[in-house]
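Report on one structure; see the data block that follows.
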Amino acid sequence: MLNEIYNGGEVEEARMKRVVGLFRVDFRDPVVLRPEMAGAPVFLGLAAAPDGTLRMKPQNLLVNLPLARRG
């Protein structure tokens with residue numbers, strides 16, 4: 001769903017009603033991001049399942065951020 005929103009696509013109303021939050025993260029130092037993402041904002045979203053339950057796995061946030069490799 002986030003990709004559809006980000007790309008300006010249509011998201012049906014029933015799915016949009018499940019969105020709990022949309023967030024934008026701007027990094028002060030673009031060096032911390034992968035080169036292709038440097039200077040671009042990172043968008044994060046949280047949405048409920050069709051049955052209304054909400055599960056958040058913080059480790060996914062950490063693993064999926066477009067951070068540059070250290071080393």
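The values are calculated or read from the model by the stated rules, or taken from the named source; none is laboratory data. Predicted model only: the values in this text are computed from it and were never measured. Cβ placement follows ideal geometry from the backbone for every residue including glycine, while neighbour counts extend to all protein chains displayed. These area figures cover heavy atoms from the full protein model, side chains too; ligands, DNA and RNA do not enter into them. Shrake-Rupley method; radii C 1.70, N 1.55, O 1.52, S 1.80 Å.
Figures for the structure shown
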quantity: Solvent-accessible area, 1.4 Å probe, carbon plus sulfur percent, for the chain; calculated: 54
quantity: Cα→Cβ-extended label distance, 7 Å offset, between Ala48 and Leu62, nm; calculated: 2.8
quantity: Relative contact order (percent, whole number), the chain, Cα cutoff 8 Å, 6+ residue spacing; calculated: 31
quantity: Surface accessible to a 1.4 Å probe, per residue, for the residues of the chain, Å²; calculated: 85
quantity: Options (i) 0.93; (ii) 1.03; (iii) 1.22 - which one matches Rg/Rh (Cα atoms, Kirkwood Rh) as calculated here; calculated: (ii)
